[in-house]
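Read the structure below first, then the notes.
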Amino acid sequence: MEPFLVEPISQPPIQSPRQPDRNASPVPLVFGVILTLASVYLLWSAGSDGYVDSDPHDIFLRVMVYVLTPFSVVFCMIIDIVLQGRGMSDPSFFARPRYSVALRVIVLLSFVIAVIDINTLAKVLADLWS
């Protein structure tokens with residue numbers, strides 16, 4: 001007696017809907033560039049020609065450059081690292097390491113700007129307190 005063979009009913013494979021590919025966000029890089037350019041503009045508008053004025057408006061601009069430059073740009077770099085790190089767990093995520101490298105260069109530039117600003121701000125405050 002021959003075994004009774006039954007052909008299995010073939011069903012189409014179940015496919016989950018394809019998730020669109022995700023890329024790393026350029027937003028932290030864009031904000032880092034904008035903040036660095038804004039700090040350069042504020043540094044220039046506060047008078048970085050060597051003549052230091054003790055005008056409260058200039059001091060306020062110098063403090064704004066001090067806050068904008070190193071702290072906010074480093075914050076943008078941290079956000080980029082966190083977002084790209086979280087995205088690595090998703091197989092459809094495309095990391096953009098050039099964004100991180102560009103942000104590192106911008107952070108270095110922002111620290112150079114901050115050193116110039118701190119030096120000038122220190123001269124202003126030393127003149128006020130002497």
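Rule-based calculations on the coordinates, nothing more; no lab input. Since we're looking at a predicted model, the values are computed, not measured. Neighbour counts run over all protein chains shown; Cβ positions are idealised from the backbone, glycine included.
So how do 129, 44 line up by other beta-carbon neighbours within 10 Å, fewest first?
Numbers: 129 6, 44 12.
The order, fewest Cβ neighbours first, is 129, 44.
Annotation: amide H of residue 93 within the under-5 Å range of 22, sequence separation 5 or more or interchain, hydrogens built in the peptide plane.
What percent does the relative contact order of region 25-129 come to when contacts are Cα pairs within less than 8 Å and at least six residues apart?
Numbers: 97 pairs, mean separation 42.3, N = 105.
Here the relative contact order equals 40 percent.
Each Lys or Arg adds one and each Asp or Glu subtracts one; over the other residues with Cβ under 12 Å from the Cβ of residue 32, this totals 0. This ranking places 100, 110, 45 by how few other beta-carbon atoms lie within 10 Å of each, fewest first, which gives 45, 100, 110.
Residue by residue, region 65-79 carries 3J(HN,Hα) couplings of 4, 4, 7, 5, 5, x, 6, 6, 6, 5, 4, 4, 5, 5, 4 Hz when phi is fed to the Karplus relation 6.51 cos²θ - 1.76 cosθ + 1.60 (θ = phi - 60°); x denotes Gly or Pro.
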